[in-house]
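Remarks on the structure that follows.
Laboratory data are not the source of any read-out in this text; all were calculated from the coordinates shown. Because the structure is a prediction, the values reported are computed rather than measured. When we count neighbours, we look across all protein chains shown, and the Cβ atoms used for this are built from the backbone with ideal geometry, even at glycine.
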Amino acid sequence: MGKDCRLTMAELEKYITDYFGVTESNALEGISTLFKYQTCEKGEFILEQGNSCNNLSFVFSGYQRFYAITEEGKEITQWISHESEFAVDLTAFITGSPSRWNIQALTKTELFTINKKDYDRLSEVVPDWAQFEKLFMVRCFNVLENRVFSHLSMTAEERYQFFFNYNKEIFNQVPLQYLASMLGMTPETLSRIRKKQLE
């Protein structure tokens, strides 16, 4: 794996507990064995728009850009994911519909990945899986609601400050035009806000 196997498996089991609420040791072990460790180089696509999303991945390290290209050719960044988050188009993964998003590694990335076939077997590993999955979906929906609310209720300066407080390091790792798109502003506006905040 490149890292201490015990360390990475412990981290994976922590993700499973945090996101799905599974705590029983046998269940954790059974789920974690279905995940595979993988790496992606900078610039590599984890998922491409229009394709099937056949994998759900936890991010162990690195940054990934979720973006779509409109019919007019404009790129829209939906999110920048990083450590302890997901690299997946969840709607496409669950429903089997074509992916709306490209997911591209912005830095070298390490992932724990489960494919759709194995994900659909989790009910065999964990008898109460349906309840755990329901809670997981509610949590994902809550995260999405919070993002939408911040865009509708915050000024550009407030959105910047909120995200900066959430992850300062991302501003040293990700091109500003991607962050500006994600925050719903032009690169010029983001540069002006950053300059003002640093004064």
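Counting each DSSP H run of 4 or more residues in the chain as -39500 (n - 2.57), what helix-only mean residue ellipticity at 222 nm follows after dividing by all residues, to the nearest 500 deg cm²/dmol?
-14000 deg cm²/dmol
Against the longest principal axis of the chain, how steep is helix 129-153, in degrees 0 to 90 to the nearest 10, with axes from Cα atoms?
Tilt relative to the chain: about 0 degrees.
Put a dot 7 Å past each Cα toward the Cβ at S61 and F149; how far apart are the dots in nm?
Taking the two extended label points, one gets 3.5 nm.
Of K42/K196; K108/K134; K14/K42; K42/K168; K14/K168, which pairs sit farther than 28 Å apart, going by alpha carbon to alpha carbon?
Values: K42/K196 31 Å; K108/K134 32 Å; K14/K42 26 Å; K42/K168 20 Å; K14/K168 23 Å.
Those over the limit are K42/K196; K108/K134.
Let me know the shape class of the stretch 154-199, please: from the alpha-carbon gyration tensor, a ≥ b ≥ c as square roots of the eigenvalues, rounded when a/c is under 1.5, otherwise prolate if a/b is greater than b/c, or oblate.
On the way: a/c = 1.18, a/b = 1.06, b/c = 1.11.
Verdict is rounded for the stretch 154-199.
At 0.36 nm per residue, minus the direct Cα-Cα distance, what do E24 and A130 gain on full extension? Give it in nm, one decimal, please.
36.6 nm
Suppose we look only past 24 Å in the calculated P(r) of the chain. What percent of the Cα-Cα pairs does that tail hold?
Distances greater than 24 Å cover 45 percent of the Cα pairs.
Suppose each label sits 7 Å from its Cα in the direction of the beta carbon; what would the K74-A156 distance come out to in nanometres?
Computed distance between label sites K74 and A156 equals 1.5 nm.
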